[in-house]
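One structure below.
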Amino acid sequence: MEMVVSELIPICQGMNLGREPRKIGTMGISMGGYGAILLAEKFPDVIRAVAAISPAIWTSYEQARAVNPGAYASDADFAADDAITHTGPLSNTPVRVATGNDDPFHPGVLALAQKLPHTATVVLSNGCHTGPFFKLPRAAVLTVPRPAPD
């Protein structure tokens with residue numbers, strides 16, 4: 001992430017990309033979706049919008065470790081990069097997340113949706129973590145209840 005923020009984005013800006021009034025956004029699918037969300041959470045002054053399709057969101061270190069033992073170095077590493085518990089910096093960031101009801105990360109996305117700002121768009125529809133889901137237009141949008149702003 002540091003390389004993206006301190007090297008890649010400045011290179012793009014040097015090419016007249018991402019300069020004001022154009023904002024820098026990030027997006028991704030699966031693990032890239034998780035990374036896009038995490039990048040926006042950790043660098044809210046740089047990333048001004050985020051979109052994620054079927055983001056790879058786990059709800060606990062144990063869950064992540066059961067699926068991929070090398071995904072995180074430790075419980076502390078997971079806690080530092082847990083997208084669900086660090087949504088506060090997204091309060092002024094446009095967020096859009098989409099997932100299929102049969103996606104293995106669906107429970108994690110639901111947990112994330114509960115923590116996202118009330119302005120976030122969360123799309124839940126039929127589908128799984130497969131190519132056809134990523135390519136189909138999302139016709140049905142289900143708004144996931146989130147806490148109202150203070």
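Mind checking the full-extension length gain between Asn101 and Asn68? Use 0.36 nm per residue of separation minus the Cα-Cα distance, one decimal, nm.
Separation in residues times 0.36 nm, less the Cα-Cα distance, equals 9.7 nm.
Scan around Ala98 for amide H atoms under 5 Å from its own, H built in the peptide plane at 1.01 Å from N, and keep only partners 5 or more places away or cross-chain.
Ala52, Ile53, Ser54, Val123
Can you give me the % of accessible surface on the chain that is carbon or sulfur? Probe 1.4 Å, all protein chains present, nothing else counted.
60 percent
Within the set of other residues whose C-beta is less than 13 Å from the C-beta of Val50, count the net charge using Lys and Arg as +1 and Asp and Glu as -1.
Once positives and negatives cancel, what remains is +3.
If you add up the charges near Thr85, with Lys and Arg at +1 and Asp and Glu at -1, over every other residue whose beta carbon is less than 14 angstrom from its beta carbon, what do you get?
-3
Using a Förster distance of 22 Å, how high is the FRET efficiency between Val4 and Ala80, based on the Cβ-Cβ distance and rounded to 0.05?
0.80
The values are calculated or read from the model by the stated rules, or taken from the named source; none is laboratory data. None of the values given here were measured: they were computed from a predicted structure. Virtual Cβ from ideal backbone geometry, glycine too; neighbours counted across all protein chains shown. Note: accessible area is taken over every heavy atom of the protein model, side chains too, but ligands, DNA and RNA are not part of it. Shrake-Rupley method; radii C 1.70, N 1.55, O 1.52, S 1.80 Å.
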